[in-house]
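Below you'll find the structure, written out as structure tokens, and then a few comments.
The values are calculated or read from the model by the stated rules, or taken from the named source; none is laboratory data. These numbers come from a predicted model, not from an experiment. Here the Cβ positions follow ideal geometry from the backbone for every residue, glycine too, while neighbour counts run over all protein chains shown. The accessibility values were calculated without ligands, DNA or RNA, using every heavy atom of the protein model including side chains. Shrake-Rupley method; radii C 1.70, N 1.55, O 1.52, S 1.80 Å.
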Amino acid sequence: MKYQEILNHVVSVILDGDNPKAVYDALHDLYNLLVEATGISAHDNGDDAIFLETGKAISSAQAAHCLLEVERTRRFVRGIVQAVHDLRKKFGNQRINILYAGTGPYSALVLPLTAIFSSKEIGFFLLEINSLSMQAVKNLYERFSLQEYVQAYIQADAVKYQIPDDINIHLIISETMHQALKDEPQVSIMNNLLPQLADGGIFIPQNITVNLLMIDGGREIQNMFAPCNPPRQLLGTVYEIGMKKFPSINISRIAVPKETKGFTDLSLFTEIEIYGEEFLTAYNCGLNLPVRIGSADQYAGKTIEFEYVIAERPYYHYFAMES
Ligand SMILES: C[S@@+](CC[C@H](N)C(=O)[O-])C[C@H]1O[C@@H](n2cnc3c(N)ncnc32)[C@H](O)[C@@H]1O
């Protein structure tokens, strides 16, 4: 199959159907083609990760692997396509300018748009800090004659990048996150870019919420092998950022009940509102895996204070106090 056929097929299975196996197969076909076109694969050995003061920009190989996080890619692409349709309605026939911060080597989340919209309808500002990934994206757009979509290739730090005054960006996309917003610079990128969005524009993901839950660790493991609807109790929101919550608040306090009622652990769960109907929630993909805080008994009857700390690997500083 040729590139265009493969991409069209990816788009049709992602948008039209509810067939996870077909999406899995189609994304793997696309991946194989992109490996060949860019020379970058998820199995490359070199570690070209970059440690910024605001988080880790993952290596080109790890970023290549993101395409194969099938449910993540499927839901992001569905949300992004919907957002472009909505922006086209809102902004009449203006070309929709899309800033993609952290393209990885394949620009995986916007490439499918080229099978739906013409280069008169959408234009890409492709921003990436990793030189291998940036070069791979350039090679890709040349190889498949997609240059007309590209307004600019920008090798820069998205945490510091300033959109030129004469450019209106209607849609900003950045998926530069890890579980519970730890390790990677998503928060600092949102802090920099969200205020630079054009009036009426859209940021994807729309909102990210990290909640503290009491869980039964044994039932959670069971649930991974055979769904068993494990009991979970929401205790509160530890951190939230996005179009619904901006600027975010770095400190939160959450009370843990005295009675832990058979729950064994406290864990952080990440909810990602992508756009419209598209969400990623517990266990949907690697980004939604829980992060353990401690045992439920250890914190029973106490209040935990959390502080989200921006660093080379963003993390939560937390401690318990008597309620
Ligand atoms: C999780 S990967 C996602 C790759 C691709 N967007 C996708 O969804 O498949 C994040 C990408 O963002 C890039 N990145 C991380 N922090 C960045 C920053 N501060 N400025 C520019 N790019 C960054 C990384 O180098 C990596 O390629």
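What does the accessible area per residue of the stretch 219-272 come to in Å², with a 1.4 Å probe and no ligands, DNA or RNA counted?
Heavy-atom accessible area per residue stands at 59 Å².
Put Phe51, Phe125 in order of accessible area, highest first, and with a 1.4 Å probe you get Phe51, Phe125.
Around the amide H of Ser59, modelled in the peptide plane, lie the amide H atoms of Ala49, all under 5 Å away and 5 or more residues distant in sequence or on another chain. Segment Leu15..Ala226, full-extension length gain: 73.2 nm, with 0.36 nm per residue of separation and the alpha-carbon distance subtracted. If you plug the beta carbon distance of Asn168 and Asn139 into 1/(1 + (r/R0)^6) with R0 = 22 Å, you get a FRET efficiency near 0.15.
In deg cm²/dmol, rounded to 500, what helix-only [θ] at 222 nm does the chain give when every DSSP H run of at least 4 residues adds -39500 (n - 2.57) and the total is split over its residues? Kindly include the intermediate steps, with their values, before the conclusion.
Details: 8 runs with 95 residues, N = 323.
After summing the helix terms and dividing by residue count, I get -9000 deg cm²/dmol.
Dividing the radius of gyration of the alpha carbons in the chain by their Kirkwood radius gives 0.99 for Rg/Rh.
Note that the stretch 67-218 presents 34 Å² accessible area per residue, ligands and nucleic acids not counted, probe 1.4 Å. For the stretch 194-254, what class follows from the C-alpha gyration tensor (a ≥ b ≥ c being the square roots of its eigenvalues): rounded when a/c is under 1.5, otherwise prolate if a/b is larger than b/c, else oblate? Oblate, because a/c is 1.5 or more while a/b does not exceed b/c.
Taking the simple approach of a point 7 Å from Cα along Cα-to-Cβ for both Asn250 and His85, what is their distance in nm? The answer from the label model is 4.1 nm. What's the longest bit of the chain with no exposed GluC sites (Glu not before Pro), using DSSP loop states and at most 16 other Cβ atoms within 10 Å as the test? For GluC sites (Glu not before Pro) (loop position, at most 16 other Cβ atoms within 10 Å), the longest site-free span of the chain is 122-258. Residue separation of Ser119 and Asn93 scaled by 0.36 nm, minus their Cα-Cα distance, works out to 8.1 nm of gained length.
Which number do you get for Rg(Cα) / (2.2 N^0.38 Å) in the stretch 263-322?
Rounded to two decimals, the normalised Rg is 1.35.
Hey, if we sort Asp86, Asp166 by accessible area with the 1.4 Å probe, largest down, what's the order?
Asp166, Asp86
Would you work out if the stretch 199-298 is rounded, prolate or oblate? Take a ≥ b ≥ c from the square roots of the eigenvalues of the alpha-carbon gyration tensor; rounded if a/c is under 1.5, else prolate when a/b is larger than b/c, oblate otherwise. Oblate, since a/c reaches 1.5 and b/c is not below a/b.
Computing the accessible area with a 1.4 Å probe over protein heavy atoms, can you report the carbon and sulfur percentage for the chain? Its accessible area is 48 percent carbon and sulfur atoms. Computed with every protein chain present, the accessible area of Ser131 is close to 70 Å² [probe 1.4 Å]. A simple charge model with +1 on the Cβ of Lys and Arg, -1 on the Cβ of Asp and Glu and nothing else charged puts the dipole of the chain at about 500 debye relative to its Cα centre.
Can you give me the Kirkwood hydrodynamic radius for the stretch 74-148, using every pair of distinct Cα atoms, in Å to one decimal?
Numbers: mean 1/r = 0.0779 Å⁻¹.
One decimal place: 12.8 Å for the Kirkwood radius.
If you plug the beta carbon distance of Gln62 and Ser295 into 1/(1 + (r/R0)^6) with R0 = 30 Å, you get a FRET efficiency near 0.45. Solvent-accessible surface of protein heavy atoms, probed at 1.4 angstrom with all chains present, puts Arg292, Arg253, Arg313 in the order Arg253, Arg292, Arg313, largest first. Size check on the stretch 11-115: the Cα extents along the three principal axes, sorted descending, read 45, 36, 22 Å.
Among Lys90/Lys160; Lys56/Lys182; Lys90/Lys120; Lys261/Lys302; Lys90/Lys245, which pairs are too far apart, with a Cα-Cα distance over 18 Å?
On the way: Lys90/Lys160 29 Å; Lys56/Lys182 10 Å; Lys90/Lys120 16 Å; Lys261/Lys302 15 Å; Lys90/Lys245 23 Å.
Pairs exceeding the cut-off: Lys90/Lys160; Lys90/Lys245.
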